[in-house]
Amino acid sequence: MKRPFVTLPQLEKIVRDYPTPFHLYDEAGIRENARRLKAAFAWNPGFKEYFAVKATPNPGILKVLLNEGCGLDCSSLTELMMARMCGVSGHDIMFSANNVPAGEFRLAHQLGAIINLDDLTDVDFLRQTVGTIPETVCCRYNPGGTFTLGASNEGFQVMDNPGQAKYGMTRPQLTAAFRQLGELGAKHLGIHAFLASNTLSNDYYPALARILFQTAVELRRETGLHIAFINLSGGVGIPYKPDQTANDIAVIGQGVRRAFEEVLVPAGMEDVAIFTELGRYMLGPYGCLVTRATHFKHTYKEYVGVDACAANLMRPAMYGAYHHITVMGKEDAPCDHVYDVVGGLCENNDKFAIDRMLPQIDLGDLLVIHDTGAHGFSMGYQYNGRLRSAELLLRRDGSVQLIRRAETPEDYFATLVLD
Ligand SMILES: *Cc1c(COP(=O)(O)O)cnc(C)c1O
């Protein structure tokens, strides 16, 4: 049973000041979860989570995570600028991008960020762009093929396709990159890989860690370089559906520890720090999209029109992703109606839910669309001239802080060049 982190009386109060639709974030939930992650990896003295800024790029959220000891993982110029805006610099920033424009390497280097190179050609490109190779630098590895975990009759628990992914270097390229970086003055090397997305399994990080730890031992033997950190990147998932089981981050931390003790410790590499770049896991469940039922339509199906649309949350339209919906005030009412819950875009994929069993919805009901805290607002767009919504932070003391105002038509027209 999925419950919203906000109650109907709380929402009724919020909508008096902020009209729907809006994204709402839960500070208490974000903090508790960040502490669970930290505790799960406390066995590793160098552990650090670099929150993937692209998941929820808002300083109001980033400052909460920074305050919990996280760093920031940036992948574009504006994300680097936002990190700078939050007062973050040096090794509290990881810059993991691909097809990087020169200006982004320049700013990343200026800020002192750890730069994660996506390709062998980036070694030269970085050196030419910033004039030097930093002492600490990271390379992204792509082992190719398919990545699977936990075969069963129903298929694989986790399956993804690194061989079709544009990211990272092949194994021989990784050795070549390390050698070149070493010759150009790099002293402390890191290895990064992202092999599967939104994994609902406690085994993903441990399996990935084992691959990267073994690779680290080989690379040290081949190049003699100091491997300072292993970056497990993102990919730890969340249960979007009510019947799915959440990952247990404590179990995940212990699984990574076992691999660490079996592979790195015997090789005399116990000083290696573990880094993560989680986005979805850090924020997904701690944000929701609040919208209101505004229209009903009875044709070949029963439609509920709401005042949010795919421009506010693209995942259902783009990936067919499931997002749970709670009709506020009817949490315990029987789900005996079948609805398509739709937005107003002139696109038939603008549906938050298709054939969803829900309680009877009345005009004006507030709907909470769950798990929009990561890759929700940030994927928004302006198709059909629909504008991006506000973002609100529900503070620990129950107060509400506007952390981004809703767009206005003036924002939409601001980039036009009129004569
Ligand atoms: C998107 C991304 C992440 C975060 O992924 P999640 O699935 O949100 O955990 C981390 N690292 C890199 C390089 C990414 O591109």
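Below are the figures for this structure:
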{"item": "Residue order for E331, E49 - accessible surface, 1.4 angstrom probe, largest first", "result": "E331, E49"}
{"item": "Net charge over other residues, Cβ less than 10 angstrom from the Cβ of A40 (K, R count +1; D, E count -1)", "result": "+3"}
{"item": "Average accessible surface area per residue within the chain, 1.4 Å rolling probe, Å²", "result": "44 Å²"}
{"item": "Gain upon complete extension [T170, E218; 0.36 nm per residue less C-alpha separation]", "result": "15.9 nm"}
{"item": "Cα gyration tensor shape of segment 88-191, rounded if a/c is under 1.5, else prolate or oblate by comparing a/b with b/c", "result": "prolate"}
{"item": "Where Rh is the Kirkwood radius over Cα pairs, Rg/Rh for segment 287-419", "result": "1.00"}
{"item": "R35 versus N153: modelled label distance in nm, points set 7 Å from Cα along the beta carbon direction", "result": "4.3 nm"}
{"item": "Accessible surface ranking that places the most exposed of F5, F147 first, with a 1.4 angstrom probe", "result": "F5, F147"}
{"item": "Listed residue (Y204, G182, A165) projecting farthest to the positive dipole end of segment 124-235, Cβ model", "result": "G182"}
{"item": "Dipole magnitude of segment 285-413 about its Cα centre (Cβ charges: Lys, Arg +1; Asp, Glu -1), debye to nearest 20", "result": "260 debye"}
{"item": "For a label point 7 Å along the Cα-to-beta-carbon line of E347, residues of segment 295-325 with backbone N under 11 Å", "result": "309-319"}
{"item": "Solvent exposure, largest accessible area first (probe 1.4 Å, DNA, RNA and ligands not counted), of V265, V6", "result": "V265, V6"}
{"item": "Helix-derived mean residue ellipticity, 222 nm - over the chain, DSSP H n ≥ 4, -39500 (n - 2.57), to 500", "result": "-8500 deg cm²/dmol"}
{"item": "Residue (of V100, G87, V272) at the positive-pole extreme of the chain, dipole from beta-carbon charges", "result": "V272"}
{"item": "Set K13/K241; K297/K330; K297/K351; K2/K48 screened for pairs whose C-alpha atoms are more than 25 Å apart", "result": "K13/K241; K2/K48"}
{"item": "Overall dimensions of segment 27-283 as given by Cα atoms, namely Rg and Dmax in Å", "result": "17.4, 54"}
{"item": "Inter-label distance, nm, simple model (7 Å from Cα along the C-beta direction), T294/T146", "result": "4.4 nm"}
{"item": "Neighbour net charge for R396 - beta-carbon separation under 11 angstrom, K R +1, D E -1", "result": "-2"}
{"item": "Cα long-axis angle, helix 249-259 against the chain (0 to 90 degrees, to the nearest 10)", "result": "20 degrees"}
{"item": "Principal-axis tilt of helix 8-17 within the chain, Cα atoms, nearest 10 degrees", "result": "90 degrees"}
{"item": "Carbon and sulfur %, accessible surface of the chain computed with the full protein complex present, 1.4 Å", "result": "50 percent"}
{"item": "Charge dipole magnitude, Cβ of K and R +1, D and E -1 - segment 64-145, Cα centre, debye nearest 20", "result": "160 debye"}
{"item": "Dipole magnitude of segment 27-283 about its Cα centre (Cβ charges: Lys, Arg +1; Asp, Glu -1), debye to nearest 20", "result": "220 debye"}
{"item": "On Cα atoms only, tilt of 204-223 relative to the major axis of the chain in degrees", "result": "20 degrees"}
{"item": "Solvent-accessible area of K38 with every protein chain in place, 1.4 Å probe, in Å² to the nearest 10", "result": "110 Å²"}
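The values are calculated or read from the model by the stated rules, or taken from the named source; none is laboratory data. Keep in mind the model is a prediction, meaning the values are calculated, not measured. In this analysis, Cβ positions are derived from the backbone assuming ideal geometry, glycine residues included, and neighbour counts consider all displayed protein chains. Quick note on the areas: whole protein, heavy atoms, side chains included, nothing else; ligands and nucleic acids left out. Shrake-Rupley method; radii C 1.70, N 1.55, O 1.52, S 1.80 Å.
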